[in-house]
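The values are calculated or read from the model by the stated rules, or taken from the named source; none is laboratory data. If you're wondering where the values come from, they're calculated on a predicted model, not measured in any experiment. For neighbour counting, all protein chains shown are included, and Cβ atoms are generated from backbone atoms with ideal geometry for every residue, glycine included. Each accessible area value is taken on the protein alone, full model and side chains, heavy atoms only, with ligands, DNA and RNA left out. Shrake-Rupley method; radii C 1.70, N 1.55, O 1.52, S 1.80 Å.
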2 protein chains.
Amino acid sequence: MYSIGELSRRTGVKVPTIRYYESIGLIASCGRSAGNQRRFDRQGIDRLAFIRHARALGFPLDAIRALLDLSDDPETPCAEADRIAAEQLADTRARIARLERLAAELERIATGCASDRAGGCNVLQALADHRHCAGPH
Amino acid sequence: MYSIGELSRRTGVKVPTIRYYESIGLIASCGRSAGNQRRFDRQGIDRLAFIRHARALGFPLDAIRALLDLSDDPETPCAEADRIAAEQLADTRARIARLERLAAELERIATGCASDRAGGCNVLQALADHRHCAGPH
DNA sequence: TATACGACCTCTAGTCACTATAGCTTCAAG
DNA sequence: CTTGAAGCTATAGTGACTAGAGGTCGTATA
């Protein structure tokens with residue numbers, strides 16, 4: 001049996017975050033001490049480690065909830081898990097693509113400002129007038 | 001003089017968003033009609049277009065506020081504007097780097113799941129056990 | 001001039017995934 | 001038995017909006 005602090009140390013998830021996960025029904029303590037403090041078991045650690053790992057990979061909590069449901073039953077078809085992961089990958093790639101467009105435009109804007117006064121500043125002029133941009137965003 | 005809807009149409013910023021920007025002091029209407037409806041002028045359009053453009057490039061509203069302050073006075077040194085833009089660029093690049101690490105790991109996890117049941121699912125096993133991962137995240 | 005209808009108004013609450021604070025109680029070591 | 005760390009609940013705040021309720025205004029037409 002582990003206290004919430006122990007669980008936190010073993011998984012790297014902060015104590016308030018663990019309580020938050022419990023409040024939204026993502027995890028459950030296996031009971032309480034006489035003085036109303038949460039107690040967790042080995043399963044609690046595994047489940048929280050799973051969540052942490054999935055969060056680190058960028059999965060939203062809703063997706064993690066679905067993945068946890070799937071892994072609770074080893075007989076479930078896992079096509080759904082594959083789909084969720086594929087979706088997350090596609091989402092991540094889309095974000096990268098968007099950010100790369102922004103970075104390119106920012107670089108064009110942010111480098112080589114001729115003026116040293118705001119009046120002629122590249123950055124400010126580019127932001128004020130969309131026509132200074134190369135691509136759409 | 002433009003109504004809020006007209007301003008919205010001319011800048012592509014949604015009406016509730018315009019009201020939100022006003023509520024946080026990012027823009028101001030130049031007055032109200034007899035019936036208490038907002039009225040904007042040409043300057044309002046320019047300022048909102050500036051904001052929209054900066055948001056499209058990923059600048060947070062706080063940075064945009066600072067950029068607007070700078071562009072309000074053409075005599076201000078523009079080193080600060082350059083700094084803000086450079087910071088935004090650095091931030092964007094950092095995000096890209098992180099997302100690329102995640103995408104690589106997701107791809108490794110999400111492709112080629114051998115099993116068709118959750119019990120042997122690649123995705124679920126990788127999430128359950130960090131040791132299945134190639135790199136840190 | 002009456003009326004219809006779209007556009008406008010304010011205010012509140014919800015989104016996501018936490019984080020912070022306040023004020024209190026419990027646990028474990030000495 | 002005392003002390004101090006760790007635990008508890010509840011509430012509010014973050015960023016940048018978005019959605020909804022319930023009411024008012026402006027203007028074109030009949």
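Pull out all pairs, ordered by first then second residue, where Cβ-Cβ is under 9 Å, the residues are six or more apart or on different chains, the first lies in the range B:1-19 and is among the charged types (D, E, K, R), and the second is assigned to a loop (DSSP other than H, G, I, E, B) and buried (at least 19 other Cβ atoms within 10 Å of the Cβ).
none
Please enumerate the residues belonging to the range A:12-40 that are more than 12 Å from DNA strand C (Cβ to nearest atom) and either within 14 Å of chain B (Cβ to nearest Cβ) or open to solvent by less than 60 Å² (accessible area, probe 1.4 Å) (or both).
Selection gives A:Gly25, A:Ser29, A:Phe40.
A:Ile51 versus (1) near DNA strand C (Cβ under 9 Å from one of its atoms); (2) in contact with a Cys (Cβ under 6 Å, 6 or more places away or on another chain): which is the lone unmet condition?
Unmet for A:Ile51, out of (1) near DNA strand C (Cβ under 9 Å from one of its atoms); (2) in contact with a Cys (Cβ under 6 Å, 6 or more places away or on another chain): (2).
Confirm whether B:Leu67 is closer than 12 Å to A:Leu124 by Cα and open to solvent by less than 20 Å² (accessible area, probe 1.4 Å).
Yes, satisfied.
Just one of (1) more than 16 Å from DNA strand D (Cβ to nearest atom); (2) farther than 12 Å from B:Ala128 by Cα; (3) within 11 Å of chain B (Cβ to nearest Cβ) trips up A:Ala49, so point out which.
Of (1) more than 16 Å from DNA strand D (Cβ to nearest atom); (2) farther than 12 Å from B:Ala128 by Cα; (3) within 11 Å of chain B (Cβ to nearest Cβ), only one is false for A:Ala49: (2).
For the range B:52-64, indicate whether the set of residues that are of a type in the set (Phe, Trp, Tyr) and crowded, with 21+ Cβ neighbours inside 10 Å is non-empty.
Yes, the range B:52-64 contains a residue that is of a type in the set (Phe, Trp, Tyr) and crowded, with 21+ Cβ neighbours inside 10 Å.
In this structure, is B:Leu57 in contact with a strand residue (DSSP E or B) (Cβ under 9 Å, 6 or more places away or on another chain) and closer than 15 Å to B:Val13 by Cα?
no
For residues that are in contact with a strand residue (DSSP E or B) (Cβ under 6 Å, 6 or more places away or on another chain) and part of a helix (DSSP H, G or I), scanning just the range A:1-11, find the one that is farthest from DNA strand C (Cβ to nearest atom).
Step by step, filter the range A:1-11, then rank; the result is A:Leu7.
Just to verify a result, which residue in the range A:71-83, among those that are of a type in the set (A, V, I, L, M, F, W, C) and buried (at least 21 other Cβ atoms within 10 Å of the Cβ), is farthest from DNA strand C (Cβ to nearest atom)?
A:Cys78
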